[in-house]
1. Residues in region 12-22: is at least one of a type outside the set (D, E, K, R) and under 29 Å from the mean Cα position of the chain (by Cα)?
2. Is there any pair with a first residue in region 46-60 that is within 11 Å of H17 (Cβ to Cβ) and a second that is among the acidic types (D, E) and surrounded by fewer than 15 Cβ atoms within 10 Å (Cβ to Cβ) whose Cβ atoms are under 7 Å apart and which are 6 or more apart or on different chains, and what are they?
3. Can you find, within region 8-63, the residue that is farthest from Y79 (Cα to Cα) among those that are outside any loop (DSSP other than H, G, I, E, B) and of a type in the set (S, T, Y)?
4. Any residue in region 80-102 that is over 25 Å from F51 (Cα atoms) sitting within a Cβ distance under 6 Å of a residue that is among the β-branched types (V, I, T) and surrounded by 15 or more Cβ atoms within 10 Å (Cβ to Cβ)? List the pairs, counting only those 6 or more apart or interchain.
5. Starting from residues that are closer than 20 Å to V11 by Cβ and of a type in the set (D, E), keep the ones in region 64-99 and report whichever is nearest to the chain's Cα centre (by Cα).
6. Counting just the residues of region 54-71 that are touching a strand residue (DSSP E or B) at 6+ places or on another chain (Cβ under 6 Å) and surrounded by fewer than 16 Cβ atoms within 10 Å (Cβ to Cβ), which one comes out farthest from R100 (Cα to Cα)?
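Quick note: the coordinates plus some simple rules give every number you see, no bench work behind them. Everything numeric here is computed off the predicted structure, so don't read it as measured data. Using ideal geometry, Cβ is built from the backbone for each residue, glycine included, and neighbour counts are taken over all protein chains shown.
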Amino acid sequence: MFSKTESPMKVHITSRHEQLTEGLKNHIEDKLHRVERYLGRVKEAHVILNFEKKVHVCETTLVSKNLKLSAKASSRDMYQSIDAALLRLEKQAQKQKDKRVGRHREDGPRDMESIVHGLIPDPVEGTAVKVVRSKKYAVKPMTVEEAAMQLASSKDEFLVFANAETDHTSVVYKRKDNHIGLIEPGY
């Protein structure tokens, strides 16, 4: 049986106008491995340290399989600059991982029964219901007929309006049989 060994990340550190110490080198490599947790295997990392006009600047670039991330930070201390730049890289990497994981979850298996019948499945006990998107509507006073005509001429699935006849908030919605439904509150 063969074991697959991953080659370590190639780290290139360039120091301009300042001596690169072993402590700085170790600090950079430790921080880079934290970023690697989010991206998987990183092929190459390039770090440029610069000292100009009493300001320490750290520029970093990471290259992984399908991604290239970069960040830059500056401060009066080189360690703070390195930490800030690599924290920015870590946030970028985490965001990319969240996108990748979220995309795979959306493509996962679906409950075929809910697709066939067009029903929303019952929530699983113990899980929180998540509001995916919210939108504010301007509730305009109009009659049911006016609301139905406005809904029929739009691409929206429903319309919230103030019923001019009852002074209550009502909803008209498009039904699957190409008719328009009305929801009115029952006080």
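1. Taking region 12-22 first, the residues of a type outside the set (D, E, K, R) are 12-15, 17, 19-21.
Among the residues that remain, those that are also under 29 Å from the mean Cα position of the chain (by Cα) are: none.
No - not one qualifying residue is present in region 12-22.
2. L49/E18; F51/E18; H56/D77
3. Our first condition is that a residue be outside any loop (DSSP other than H, G, I, E, B); within region 8-63, this holds for 10-16, 22-39, 42-52, 55-63.
Narrowing the set further to residues that are of a type in the set (S, T, Y) leaves 14-15, 38, 60-61.
Details: T14: 15, S15: 13, Y38: 22, T60: 14, T61: 17 Å.
Among them, the one singled out is Y38.
4. Listed by first residue and then by second, the contacts come to A93/V35.
5. E90
6. Taking the candidates together, the pick is V55.
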